[in-house]
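To start, the structure itself, in structure tokens.
The values are calculated or read from the model by the stated rules, or taken from the named source; none is laboratory data. Note that the structure is a prediction, hence the values are computed from the model and not measured. Cβ coordinates were reconstructed from backbone atoms using ideal geometry, including for glycine residues, and neighbour counts include every protein chain displayed. Only protein heavy atoms, including side chains, enter the accessible area calculation; ligands, DNA and RNA are left aside. Shrake-Rupley method; radii C 1.70, N 1.55, O 1.52, S 1.80 Å.
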Amino acid sequence: MDWDKFKVHGEPLIYGAMASIVLATIGIIVGLTYFKKWGYLWREWLTTVDHKRIGIMYILAALLMLFRGGVDAMMMKLQTAAPDMKFLDSQHYNEVFTTHGLIMILFMAMPFIIGLMNVIVPLQIGARDVAFPRLNAVSFWLFFFGAMLLNISFVIGGSPDAGWSAYFPLASIEFSPTVGNNYYSLALQISGIGTLLTGVNFIVTILKMRAPGMKLMKMPMFTWSVLITNVIIVFAFPVLTVALALMMFDRLFGSQFFTMANGGMDMLWANLFWVWGHPEVYIVVLPAFGIYSEIIATFSKKNLYGYTSMVFSMLIISLLSFLVWAHHFYTMGQGVMVNSFFSITTMAIAVPTGVKIFNWLFTLRKGRITFTTPMLYTLAFIPIFTIGGVTGVMLAMASADYQYHNTMFLVAHFHYVLIPGAVFAVIAGFHYWFPKVFGFRLNERLGKHAFWWIIISFNVAFFPLFILGLMGMTRRQYTYSADTGFGPLSMLSFVGAVGLMIGFVILVYNIYWSTRYEPRDTDGDPWDARTLEWATKSPIPAYNFAVVPTVKTRDAFWTSKMDKVPLFEDKITKIHMPSNTGKPFILGVIFFVAGFSLVFSLWIPAIISGVGILIVLAAMSFDRDHGFYIPVEEVIATEKKLRGETV
Amino acid sequence: MNKKGPLYALFLSLILLLPGCSSIAVLNPKGPAARTLSDTIILSIVVMLGVLAVVYILYVFVLLKYRAKKSNEDYIPPHEEGNKWLEAIWITIPIIIVAFLSVVTVKTTVDVENVAADYKDQKPLVIYASSSNWKWHFSYPEEGIETVNYVNIPVHRAVEFRLYSFGTISSLWIPQLGGQKYAMSDMLTTLHLSADTVGSYTGRNANFNGKGFAHMEFEALAMTDKDYQEWVKDVKETAGPLTEDEFKNLLKMEYVGRKTYTNTHLSFSPPPGDHGDHMSNNGKEMDMDNGTTEHQDNKEIHPSPAPSSETEFNSEPNPELDEQSTTHEGH
């Protein structure tokens, strides 16, 4: 066997990363053994089918990936901080920006949002779990092992180096002979299957499991956004699945779908990638709109303004998201007609998005606005995201895009969209729902410190890029000479990146500090909020609601508080719950082995693990476990305990 | 939250602090296409600043007026379902703005996709620009000249770049003369540029294509017609010919400096979608009508099996592509 292809060429940074990965792994194993936590880990987490725990694991993984993607970002910013920097070489820089993009979008923003979906959506609709709890566990473990597969590429074999969009022929075996892009095709495939299953699961959950009385137009806005997002997932992800499969065939089996010879067409990849890739942006941004809608309503003490137009604007955005993909390559020479069509569809998205902005502003109007940490992120989102939006309209103009395309202007634009549009949203949602899940709030003073660091540094880091783009600086260039004049603004951008890092460190420190010192919340509704999730106790019992609520109005919990109408009318009965299962985790592990074997063309292990996957799937299909019942007495006892009464 | 005001004042001053517009290449156009785009960009910035202003004024007003204060502790916000008229306003006005910008977009896209209006009656100077690894080859079929990593053009002359690639997708971009366009291996694309000021402009590949991407720059030198003719004459006298073997070697090299030759590679390595049967052996009498950017059937470019040969050169329409496929070593 050729061991060389497993090695990554010698650089102190990579050896450092290898050492730290090994040390961290040893540390975790020793720690688990010492504290005798293996059983706990397996019983309570690895085999769980509880939507809240799965959600927490998604968010933990996302935070971990935020750190990884953030380190990538810092390395890139340092390398381009000054002209002719020698911190990273070209190949290494290319790998770093590729993994930065992949990790931040697919393994940070998406799982963070899916994590919040998992925790909150069943609660918001008054359900006890998602429609298919085991499928949910499968989704998580496929995502997790897909993400891990991509992450080990850094130290085993080399990372993908053709950009997160992996344009062919650059990503073909001919121009990218390392295993990096094999990792790309397989890691994304594995986690993508997980995401697709999430899409199916949540559509069914939201359509079939709402509490009695909750008509579609009475759903909380976050649930609406999640429903629409999952419809997009179900339509968009199969395109990625197919594109990645063709890519894998090209790279591993010598097929010629996207290559230069034998009728292959590189432009086909670009089209397939963006037919998925543009809806993907809305997959992370729409739930963010939902999160903001909840937070704005809660902290203005008002119902959401223009609920119906909010729903319809999201529906229109989701439809248009499939009609704009070619704006990612106006410069491919498809001519005036095609470019004009895609310009107009792209600009049209500004209309429903504008509707949302104005509805939020009018929700604030006549409200009584309190500036909590989640609300601060939400309020910062409006002006910053509007900059992202209007620059989006500018980029949508095909002619002008000939000057913006591939430049730092574009980079600035999509960071101005995705950071307020997704990252601030998940941070806001994290602060907002944290007390629901853990029973205490994150500290407000530390939270606001982190907020100001993040907001100001974000603008310092990314606003200069608009100007750099117009000066002619392209994206993805690992170095530049002093006479280009890119130096000062690039340095400013680096300073902003350092500030962002400080902000995130404070944010993480806040989690630690609050866990130790923050007072515990007992009534389950610390923000005086409006939707059903706040009607449960904090922390939430496994069955969520002892009695399924009956919904009469949009902000059901708020109405019940204001009008003193009880939400829970029925008596407590025994509760049916799904049993835990280890099969999804095992399936994830086997997928990981299969993926890794395919990356390195190790056919025997790949075939064995392929058979293994089929066996586990068959075992899951014929599993006759119908769950269990929690008896009435146990439910009553748990409820009393959560209310602080002694049993 | 009113702390945000100073924040944005800071950004505004940041823009003003810049060393003027001259260092912002895109807004410092030296040709009609770039000028059209610069005007479009500035127009769109002005419109968008208007949109931003509306949102920001409303935002600041709402936050100042309705923030929770000691004095309004008893205030209970009203229940509001929405207002049809208000919502109609913020649907209609954006639609008008988008419609206006759409018209501007279509019009300017037509403008820059064609020969500039001032030079409509000229026969454009055709230059084939092809990329390989991290180099640019510029072939002047009319003059019978080929250069590497620099391109000289006469001012006040319509120039039609025909772009293609010997590998990865690259994008030819000379910001001060106009927008960019992709160069791809299986399709010829056309980029119309002209310069109206004599000067040296930075051109580069804008589309990431691997290890040497950052260094894939070239100089575009716009010179007077007289200087241009002199340069052509000078090249004819001093430079040597480009042989097929030398060209093959050139393609394999990752980086080279400037090179100049007295014939083009087009004769022995025709571009995609523009085949040898349009061309005499020395490439001088090319069929200039075939400059469209229509998708070509790939089978014509990469035939398999190879068609029966008609001439010595076009028996395998694109030998360099296949040659490179097998010999390219990656990084």
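Comparison of A:Ile454, A:Ile506 shows that the only residue that is assigned to a helix (DSSP H, G or I), within 20 Å of A:Phe371 (Cβ to Cβ) and within 14 Å of chain B (Cβ to nearest Cβ) is A:Ile454. Among the residues making up the range B:48-83, those that are surrounded by 14 or more Cβ atoms within 10 Å (Cβ to Cβ), in a helix (DSSP H, G or I) and not aromatic (Phe, Trp, Tyr) are B:Met48, B:Val51, B:Leu52, B:Val54, B:Val55, B:Leu58, B:Val60, B:Val62, B:Leu63.
Evaluating A:Ala398 against the criteria (1) touching a Gly at 6+ places or on another chain (Cβ under 8 Å); (2) aliphatic (A, V, I, L, M); (3) within 12 Å of chain B (Cβ to nearest Cβ) leaves one unmet condition, (1). Among the residues making up the range A:328-345, those that are facing chain B (nearest Cβ under 9 Å) and among the hydroxyl-bearing types (Ser, Thr, Tyr) are A:Tyr330, A:Thr331, A:Ser340, A:Ser343. Within the range A:350-363, residues that are facing chain B (nearest Cβ under 7 Å) sit with their Cβ atoms under 6 Å from residues that are open to solvent by 10 Å² or more (accessible area, probe 1.4 Å) and of a type in the set (Ser, Thr, Tyr), at 6+ positions apart or across chains, in these pairs: A:Val355/A:Ser309. Could you please find all residues in the range A:496-526 being under 30 Å from A:Leu465 (Cβ atoms) and open to solvent by 80 Å² or more (accessible area, probe 1.4 Å)? A:Met501, A:Val505, A:Val508, A:Tyr509 - these are the residues of the range A:496-526 that are under 30 Å from A:Leu465 (Cβ atoms) and open to solvent by 80 Å² or more (accessible area, probe 1.4 Å).
Whether any residue in the range A:513-524 is within 30 Å of B:Leu172 (Cα to Cα) and in a loop (DSSP other than H, G, I, E, B) is what I want to check.
Quick first cut of the range A:513-524, residues within 30 Å of B:Leu172 (Cα to Cα) only: none.
The answer is no; no qualifying residue exists.
Looking across the range A:370-386, the residues that are more than 9 Å from chain B (Cβ to nearest Cβ) and part of a helix (DSSP H, G or I) come down to A:Thr373, A:Pro374, A:Met375, A:Tyr377, A:Thr378, A:Phe381, A:Ile384, A:Phe385.
What are the residues in the range A:403-420 that are in contact with a Ser or Thr (Cβ under 6 Å, 6 or more places away or on another chain) and either facing chain B (nearest Cβ under 10 Å) or among the aromatic types (Phe, Trp, Tyr) (or both), if any? Lay out the reasoning, then the answer.
Of the range A:403-420, the ones in contact with a Ser or Thr (Cβ under 6 Å, 6 or more places away or on another chain) are A:405-407, A:413.
Passing the criteria: A:His405, A:Asn406, A:Thr407.
Take A:Thr99 and decide whether it is assigned to a loop (DSSP other than H, G, I, E, B), of a type in the set (S, T, N, Q), surrounded by 12 or more Cβ atoms within 10 Å (Cβ to Cβ) and in contact with a helix residue (DSSP H, G or I) (Cβ under 8 Å, 6 or more places away or on another chain). Here the answer is no, as A:Thr99 does not meet what is asked.
Taking the condition at the interface with chain A (Cβ under 7 Å from one of its Cβ atoms) and in contact (Cβ under 8 Å) with a residue 40 or more places away in the chain, does B:Leu52 pass? First the steps, then the outcome.
Details: at the interface with chain A (Cβ under 7 Å from one of its Cβ atoms): yes; in contact (Cβ under 8 Å) with a residue 40 or more places away in the chain: no.
It is false that B:Leu52 is at the interface with chain A (Cβ under 7 Å from one of its Cβ atoms) and in contact (Cβ under 8 Å) with a residue 40 or more places away in the chain.
A:His415 - would you say it is open to solvent by 10 Å² or more (accessible area, probe 1.4 Å), farther than 30 Å from A:Arg520 by Cβ and not hydrophobic (A, V, I, L, M, F, W, C)? Yes: the conditions hold for A:His415. Among the candidates A:Phe145, A:Phe140, the residue that is in contact with a Phe, Trp or Tyr (Cβ under 8 Å, 6 or more places away or on another chain), at pLDDT 95 or above, part of a helix (DSSP H, G or I) and open to solvent by 10 Å² or more (accessible area, probe 1.4 Å) is uniquely A:Phe145.
Sort out which residues of the range A:288-308 are of a type in the set (S, T, N, Q), open to solvent by less than 20 Å² (accessible area, probe 1.4 Å) and either in a helix (DSSP H, G or I) or more than 9 Å from chain B (Cβ to nearest Cβ) (or both), and write them in order of number. Of everything in the range A:288-308, those that are of a type in the set (S, T, N, Q), open to solvent by less than 20 Å² (accessible area, probe 1.4 Å) and either in a helix (DSSP H, G or I) or more than 9 Å from chain B (Cβ to nearest Cβ) (or both) turn out to be A:Ser293, A:Thr298, A:Ser300. Of the residues making up the range A:314-327, not a single one is at the interface with another protein chain (Cβ under 10 Å from one of its Cβ atoms) and either over 26 Å from B:Gly179 (Cα atoms) or open to solvent by 40 Å² or more (accessible area, probe 1.4 Å) (or both). Considering the range B:16-44, and only residues there that are within 7 Å of chain A (Cβ to nearest Cβ) and surrounded by fewer than 19 Cβ atoms within 10 Å (Cβ to Cβ), the residue that is modelled with the lowest pLDDT turns out to be B:Leu18. Once the range A:246-272 is narrowed to residues that are within 30 Å of A:Gly199 (Cα to Cα) and in contact with a helix residue (DSSP H, G or I) (Cβ under 6 Å, 6 or more places away or on another chain), the residue that is most open to solvent (accessible area, probe 1.4 Å) is A:Phe257. Among the numbered criteria (1) of a type in the set (A, V, I, L, M); (2) in contact with a strand residue (DSSP E or B) (Cβ under 6 Å, 6 or more places away or on another chain); (3) without any contact (Cβ under 8 Å) to a residue 24 or more places away in the chain, which single criterion is violated by A:Ile607? The number of the failed condition is (2).
Just to be sure before I move on: is A:Gly199 small (Gly, Ala, Ser), within 26 Å of the chain's Cα centre (by Cα), crowded, with 18+ Cβ neighbours inside 10 Å and closer than 30 Å to A:His51 by Cβ in the structure I sent? When the stated conditions are applied, A:Gly199 passes them. Of all residues in the range A:341-369, those satisfying the criterion of being open to solvent by less than 20 Å² (accessible area, probe 1.4 Å), outside any helix (DSSP H, G or I) and out of contact with any Pro (no Cβ under 8 Å at 6 or more places or on another chain) are A:Ile349, A:Ile369.
Condition test on A:Thr331, is it crowded, with 23+ Cβ neighbours inside 10 Å, closer than 27 Å to A:Met110 by Cα and among the β-branched types (Val, Ile, Thr)?
Working: crowded, with 23+ Cβ neighbours inside 10 Å: yes; closer than 27 Å to A:Met110 by Cα: no; among the β-branched types (Val, Ile, Thr): yes.
No, not satisfied.
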